[in-house]
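Below is one structure, written out as structure tokens; comments come after it.
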Amino acid sequence: MTEHDFSNVDGRPVDTYDDERLGVVESVVTDAGSGRRYLVVAGTLYGTGKYYVPEEEVERVGQYRILLGTTRDDLRELDWFAPPDGVG
């Protein structure tokens, strides 16, 4: 698994692999049990809401945006709306 530098990413846009804007980073949280990190994204794609994006879905953390390895169509099958167990 690639370790990404998530320092100072609050407010940075998050885009899907096919260049759709998912939203902007609200915070980064860590699952207390597994140590797995998630980006909490205030969503704009498919309406409003929060997405809990697992770190392993992040393709690249750039200076101006974060790119996911996931496409817009892939998002329909993922359950990123609820906080993971261990994240309060």
Kindly write out, for the range 7-15 in residue order, the coupling ³J(HN,Hα) from the Karplus curve 6.51 cos²θ - 1.76 cosθ + 1.60 (θ = phi - 60°), rounded to whole Hz, with x marking Gly and Pro. 6, 6, 9, 4, x, 7, x, 10, 10
What does the charge add up to near Gly35, with Lys and Arg as +1, Asp and Glu as -1, over the other residues with Cβ less than 15 Å from its Cβ? -3
I'm spelling it out carefully: the read-out is Kirkwood radius over Cα pairs in Å, the candidates are [x] 13.2; [y] 14.8; [z] 12.9, and one was derived from this structure. Which label? [z]
Carbon/sulfur accessible area of the chain, % of total, 1.4 Å probe, equals 44
If you count only protein heavy atoms with a 1.4 Å probe, what accessible area per residue comes out for the chain, rounded to a whole Å²? 59
So between Phe81 and Val28, what do we pick up on full extension, going 0.36 nm a residue minus the alpha carbon distance? 17.6 nm
At 7 Å along the Cα-to-beta-carbon direction for both Asn8 and Glu59, put a label point, then send me their distance in nm to one decimal. 2.5
Semi-axis lengths, Å, the range 15-66, gyration tensor of Cα atoms, sqrt of 5 times eigenvalues: 19, 14, 9
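When the solvent-accessible surface of protein heavy atoms is calculated with a 1.4 angstrom probe, in what order do Thr16, Thr71 fall, highest first?
In descending accessible area the options line up as Thr71, Thr16.
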Given the whole protein assembly as supplied and a 1.4 Å probe, what does the accessible area of Arg65 come to in Å², nearest 10? 70
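The values are calculated or read from the model by the stated rules, or taken from the named source; none is laboratory data. Remember, it's a predicted structure, so these values are computed and weren't measured experimentally. Glycine also receives a Cβ, built like all others from the backbone with ideal geometry; neighbour counts cover every protein chain displayed. Calculation scope for accessible area: heavy atoms of the full protein, side chains included, ligands and nucleic acids excluded. Shrake-Rupley method; radii C 1.70, N 1.55, O 1.52, S 1.80 Å.
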